[in-house]
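The values are calculated or read from the model by the stated rules, or taken from the named source; none is laboratory data. Everything numeric here is computed off the predicted structure, so don't read it as measured data. FYI the Cβ positions are ideal-geometry reconstructions off the backbone, even for glycines, and counts take in every protein chain you see. In case anyone asks, the SASA skips ligands and DNA or RNA and just uses the protein heavy atoms, side chains included. Shrake-Rupley method; radii C 1.70, N 1.55, O 1.52, S 1.80 Å.
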Protein chains: 2
Amino acid sequence: MNPDIMKERQNATFDVEKLTNILDGGPEKTKRRREIETLVFNDPDFEEEDPNFLSRSERYDQAVRKSARMILKMREYGIGHPDEIYFFKKCVHPSRPEPLDLHLGMFLPTLLNQATPEQMDRFFMPAWNLNIIGTYAQTEMGHGTHLRGLETTATYDPATQEFVLNSPTFSSIKWWPGGLGKTSNCAIVIAQLYTQGNCHGLHAFIVPIRDFNTHEPLPGIVVGDIGPKFGYSEVDNGFLKLENIRIPRENMLMKHATVEPDGTYVKPPSSKLTYGTMVFIRSLIVGNSALFLAKSCTIAIRYSAVRHQSDFRPGEPEPQILDYQTQQYKLFPLLAMAYAFAFVGQYMNDTYNRITGDINQGDFTEMPELHALSAGLKAFTTWATNAAIEVCRMSCGGHGYSCSSALPDIYVGFTPSCTYEGENTVMMLQTARYLVKSYQQVKAGKQLSGIVSYLNEAEHWRVQPQPVAARPTVVDINDLASLVEVYKLRAAILVEMAAKNIQQELQRTKNQEDAWNNSAIDLVRASDAHCHYVVVKLFTDKLGEIGDTAVHSVLSTLALFYTLHGITQNSGDFLQAGLLSVPQVMLISVRIKELLSQLRPNAVALVDAFDIHDKSLNSVLGRYDGNVYEHLFEWARRSPLNSTEVHESFHKYLKPLRSKL
Amino acid sequence: MNPDIMKERQNATFDVEKLTNILDGGPEKTKRRREIETLVFNDPDFEEEDPNFLSRSERYDQAVRKSARMILKMREYGIGHPDEIYFFKKCVHPSRPEPLDLHLGMFLPTLLNQATPEQMDRFFMPAWNLNIIGTYAQTEMGHGTHLRGLETTATYDPATQEFVLNSPTFSSIKWWPGGLGKTSNCAIVIAQLYTQGNCHGLHAFIVPIRDFNTHEPLPGIVVGDIGPKFGYSEVDNGFLKLENIRIPRENMLMKHATVEPDGTYVKPPSSKLTYGTMVFIRSLIVGNSALFLAKSCTIAIRYSAVRHQSDFRPGEPEPQILDYQTQQYKLFPLLAMAYAFAFVGQYMNDTYNRITGDINQGDFTEMPELHALSAGLKAFTTWATNAAIEVCRMSCGGHGYSCSSALPDIYVGFTPSCTYEGENTVMMLQTARYLVKSYQQVKAGKQLSGIVSYLNEAEHWRVQPQPVAARPTVVDINDLASLVEVYKLRAAILVEMAAKNIQQELQRTKNQEDAWNNSAIDLVRASDAHCHYVVVKLFTDKLGEIGDTAVHSVLSTLALFYTLHGITQNSGDFLQAGLLSVPQVMLISVRIKELLSQLRPNAVALVDAFDIHDKSLNSVLGRYDGNVYEHLFEWARRSPLNSTEVHESFHKYLKPLRSKL
């Protein structure tokens, strides 16, 4: 063990294991997690070549190999609970997507939700046993966020009782579905349904795309990989062009809507249930933000503890870079954020599970609020994490740029979550729509409940043209509850500002859509403030659950730091609204520096508590033992360009050049 | 041509060619640039396979091939002026570094500056003719920014009149030099010189590392590639471990310092000249920020003009995404920034050339200021550009994540500039050191000149605990000169705050280094404000040079927009210092929305004016003709994973799996 990092661990003021248990949700869950890790990481069948040393095709190949084994082993070990499946997958493909993701995560669940019993009989078991490998083909080259714009058509032909599917334009080619390019032999295709001359909107169709034996594309099917991407090299995101593809009527998923043999269309009942899935996926994304952030902080903080640089005090040894105020100021806010997001993820997951119970009993009351909140929090946490990973990477200097740090891979693996499952700006506007609607309800005399209930107090806060001298004195910048109030008021004021802006625009443009679009900047700002308030509140609430004094103390410091740092980053908002005075903002800057020093001795212990296995981290800089330099050398020597001493390009180009000059 | 983008061009209010001329520095320069582009882009010898479709080794191979041809062709065409060489290289390897960069950019220039006439005779012509291919080996695995910490030793042995070079530890292994891994047969190695029992600090030594004929590493030399990186796949950044390597005394570069045959060390005279090189390189980096930003904006804005999405007005066609306020608010600030940085780059280059003239006449007066300024501006522009590229990429939705957009490649090619040639935080602190020193000189009664002369007025502005009601009324938020004043005062106030903080810390800690470190956050903030002021000022100054009314008008709008947007992003600073009032800040938000609408019709024309050749852009989304979708499909079909219909992994893993389930 590197002596610097050993000393860091000795200096910690709390029991790391206890904090790990809190993050896992209890000591039993920590234990079970480690059991699964041992199963995977000690299994020679799951050993892999560092993907950084492989070509795109080899990376895909290795991922398919591991996915095939993963399926066998999970059945062998009887791993069946969704949480455990999710975790097992995360060990086999650490922080990486894999070619069967859509088969397991979208194709099978969609069958479960939308197939009739007859369709279940025909498709489910073959899919369960990988005779059918499926994907979910929704997004098209020209259509992503706005689903109603999809162009793929499925036209019913009563003469043969078949649907005829077509991709009428370039922009209608299915584009992006994972596993579509090479892996799948079947796709659930989302298309505009036409029957008896009418369009009935989007429906799902099961379309075979490759021969089940030879795996060759079927006639009329143009399918392939969409080409190299920033990351996701393990996944064959694909394209699919349909040219007069005929499928039997029974291949439309008909649990809800149906097309009868003569072509009569029968509408589905209400579809409120689809809300739930989105909330669930977005809560996973929030948890995933916390995980990626935790990994990045682990790497950057451990490395900062073993890296020495510069002539801080002439004549003395070079200091650990973690002792630089600027380095602390880069990393500690992200460390605090990782904890904040971890607790937000727990809350969303718990709430989802609770509400799902209610829904099963027909009670949808809380769903719209959670749905709206999940959209904004998805955007808030992924944007913040996206930027944070890069701060971590760059805080490691040049070595952060090497793939050996793992940070490039972490970034490119994470950044799509700002776009998929709802593009972030669109998500922010969705939350804003809910906030403005809630605000208008208050104006109309309704009393709100839940997390937006602060809008009830609309009469008590007013947007002030100048700071109010009286109010700020009551804010105690060392008291979390008091600070949460301030964040709440900021959100309330920005929601009101956005709502009033829409009103003004409406008077000017006389057009609802233009008024909304011309207020979009304010709406996103209001959403952001709302989400920030929720995060600060949930972090603070979590402290109440923590019994251990030492852990409570360090987490309280982190929460206070997160909250105050957020104020300095948005000080304009707080000053503009008169929520804080200039002397308070200046005091907060001083307090933040004190908190940096206070957090410094626990920094390594706080990342250790994330308990991320070295094999899952796959980072030379982030190794638990801190022995960075010797392993950096060892890693470089293994890299493919060093398999020969002389690269062929010398003989091909450089040597011949000499004679020509 | 795509009809949307054609319409955009028709709507422009100014003559694009005139603006292009301004960016190039005159119509003749535009003409010459296009001549060189034609030479390269029409030459079949420079045709290449899209690097995104190649493995690391193939990318390196292709780059070596093109570099070898580049050298031949430049000599054939008689391209010899540094500006033209730089430009020719940029066409051959668009926005990509190449294996001979360090040979041409560091090895040859270092010989010119530091070799004796005898050494020039021995080394220069062989290097010019690529018999010697050299690199510059300074950075070590454990030592980057802090040069004095380098560990490589060169010990003089008078018995044989040789230096013995060693890498005594893992952390002393040379790490990162471009072209070191595979390409070079020789390196200028920076090492601690030991002779007659004393260490005389860092000196440069010419060390042969590979056999000139076979290219095999020489005995005692452990050399190779440092492995895959985030980007820079064309470059063999390398490692070098020296094990008792003996070189003749005459291989130390002795133009300045010398070691005599008996081992006597003779000191060099003053070394002020090295300043100049750093300033020059940093001014190139600022210009490079502008270029990368221009490329990213070109892609994102053209794509936003042809992409349609969402149900803005039910029943009407989907709008161009460029019509969304949020999209404009993402992209137009970056477009304005690209122009700002282009003009800052021009200014730095001009100033460097002017001052170099002075220096040749022995006048170093302006150098320290430009040196300090260049450090901060390098950090300011690269950080902003780094973040901006990613905003551009994500503003293209999913397709931005595809390598076909070129944005992933642009990002990974640019981001190292935040770290190399001076890590950004260190650069900011260097500028801060100059600012604080200047402030202290004013306090000591000295009158400053140049760009920091605003610190002379220290008595007129004071940090106010509360906003001053009197001052803000004089600020006219529509008047650039008035806004530049406000930025200047912000910088002055933050410099004073940082300087006072150091004083306070000094009283507490009694230690200069701790006081500095404990003020580092404030120092970086002050530097940032100073640089922001300089950028705003230079952008405004540039407007005075522009004669054409229509171009002047659109650039004035851009400059005003850049300036006001900067205020909203840092509104806390301006409110805290009492430089602007709350109503003013609110008015600025309104004004910004008006300016978005005003810029909208010229957005495409403003990126067209950058005049970036499609071959240089290499982006399907950013094509000049706007025909995105059909070319996206064509690009994907060419990708290597589609060279066969069935990937071998199906037969290896997926098909056999069926029988086991």
Query raised in the report: Taking the stretch B:612-653, which trypsin sites (Lys or Arg not before Pro) meet the DSSP loop condition and have no more than 16 other C-beta atoms within 10 Å?
Result: B:Arg638
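Looking at the protein assembly as shown, what % of its DSSP beta bridges pair antiparallel, to the nearest 5?
80 percent
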Query - Exam field: B:Glu47 pseudo-label spacings to other copies (7 Å along Cα-Cβ), nanometres - result: 4.6
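Per residue, how much accessible area does the stretch B:214-319 show when a 1.4 Å probe rolls over the protein heavy atoms, in square angstrom? Mind showing how you got there, number by number?
Details: 3980 Å² over 106 residues.
I get 38 Å² per residue for the stretch B:214-319.
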Query raised in the report: Counting only Cα, what are the radius of gyration and maximum Cα-Cα distance Dmax of the stretch A:469-618, in Å?
Result: 19.2, 60
Requested in this report: In nm to one decimal, list the spacings between the A:Asn456 label point and its equivalents in the other copies, with label points set 7 Å along Cα to Cβ, shortest first.
Outcome: 6.3
Query raised in the report: If you take the charge dipole of chain B about its Cα centre, with +1 on Lys and Arg Cβ and -1 on Asp and Glu Cβ, which of B:Gly276, B:Val524, B:Leu147 is farthest toward its positive end?
Result: B:Val524
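Among bridges DSSP assigns within chain A, what percent are antiparallel (round to 5)? The partial results should precede the final answer.
Values: 32 of 39 bridges.
If we restrict to bridges inside chain A, about 80 percent are antiparallel.
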Report task. With a ≥ b ≥ c taken as the square roots of the eigenvalues of the C-alpha gyration tensor of the stretch B:382-444, please select rounded if a/c is under 1.5 and otherwise prolate if a/b is larger than b/c or oblate if it is not? Result -> prolate
Report task. Take the Cβ-Cβ distance between A:Ser482 and A:Asn360 as r, set R0 to 41 Å, and report the resulting FRET efficiency rounded to the nearest 0.05. Result -> 0.55
**Report entry** Note, ³J(HN,Hα) from phi for the stretch B:243-251, Karplus 6.51, -1.76, 1.60, rounded to Hz, x at Gly and Pro
**Finding:** 10, 6, 7, 9, 10, x, 3, 5, 8
Query raised in the report: Rounded if a/c is under 1.5, else prolate if a/b is larger than b/c, else oblate: which is chain A, with a ≥ b ≥ c the root eigenvalues of its Cα gyration tensor?
Result: oblate
Report summary line: Restricting to aspartates and glutamates and to Cα separations under 13 Å from A:Lys378, and discarding same-chain partners fewer than 8 apart, the set is A:Glu421, A:Glu423, A:Asp528
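Which entries in the list B:Lys182/B:Lys241; B:Lys89/B:Lys241; A:Lys615/B:Lys182 go over 19 Å, if you measure between the two C-alpha atoms of each? All intermediate terms of the calculation are to be shown ahead of the outcome.
Numbers: B:Lys182/B:Lys241 14 Å; B:Lys89/B:Lys241 31 Å; A:Lys615/B:Lys182 30 Å.
Too far apart for the 19 Å limit: B:Lys89/B:Lys241; A:Lys615/B:Lys182.
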Requested in this report: Take the Cβ-Cβ distance between B:Lys267 and B:Lys443 as r, set R0 to 30 Å, and report the resulting FRET efficiency rounded to the nearest 0.05.
Outcome: 0.25
Query - Chain pair B, A: total accessible area buried, heavy atoms, 1.4 Å probe, Å² - result: 11900 Å²
Query raised in the report: In Å, what Rg and Dmax follow from the Cα atoms of the protein assembly as shown?
Result: 31.4, 105
Report summary line: Taking protein heavy atoms only, a 1.4 Å probe, and rounding to whole percent, the accessible area of the protein assembly as shown owed to carbon and sulfur comes out at 54 percent
Report summary line: Excluding residues fewer than 8 positions from B:Lys652 in its own chain, the aspartates and glutamates with Cα under 14 Å of it are A:Glu58, A:Asp61
Query raised in the report: In nanometres, what is the gap between the two model label sites at B:Ser597 and B:Thr169, each 7 Å from Cα along Cα-to-Cβ?
Result: 6.4 nm
Requested in this report: Starting at the first residue of the stretch A:22-39, write each ³J(HN,Hα) from the Karplus equation 6.51 cos²θ - 1.76 cosθ + 1.60 with θ = phi - 60°, in whole Hz, x for Gly and Pro.
Outcome: 5, 5, 7, x, x, x, 5, 5, 4, 4, 5, 4, 5, 4, 5, 4, 4, 3
**Report entry** Simple spin-label estimate for A:Leu112 and A:His651 in nanometres, 7 Å along Cα-Cβ
**Finding:** 5.8 nm
Requested in this report: Please find the FRET efficiency linking B:Ser643 to A:Asp50, where r is the Cβ-Cβ separation and R0 is fixed at 25 Å, and quote it to the nearest 0.05.
Outcome: 0.50
Query raised in the report: Going by a ≥ b ≥ c, the root eigenvalues of the Cα gyration tensor, does the stretch B:1-89 fall in the rounded group (a/c under 1.5), the prolate group (a/b larger than b/c) or the oblate group?
Result: oblate
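Could you tell me the ratio Rg/Rh of the stretch B:542-597? Both radii from Cα atoms, Rh via Kirkwood. Working shown, then result.
Working: Rg = 13.3 Å, Rh = 12.3 Å.
My calculation of the ratio gives 1.08.
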Report task. Could you work out the relative contact order of chain B, using alpha carbon pairs under 8 angstrom and six or more residues apart, expressed as a whole percent? Result -> 15 percent
**Report entry** At 7 Å out from Cα toward Cβ: A:Arg658 inter-copy label distances (nm, ascending)
**Finding:** 5.8
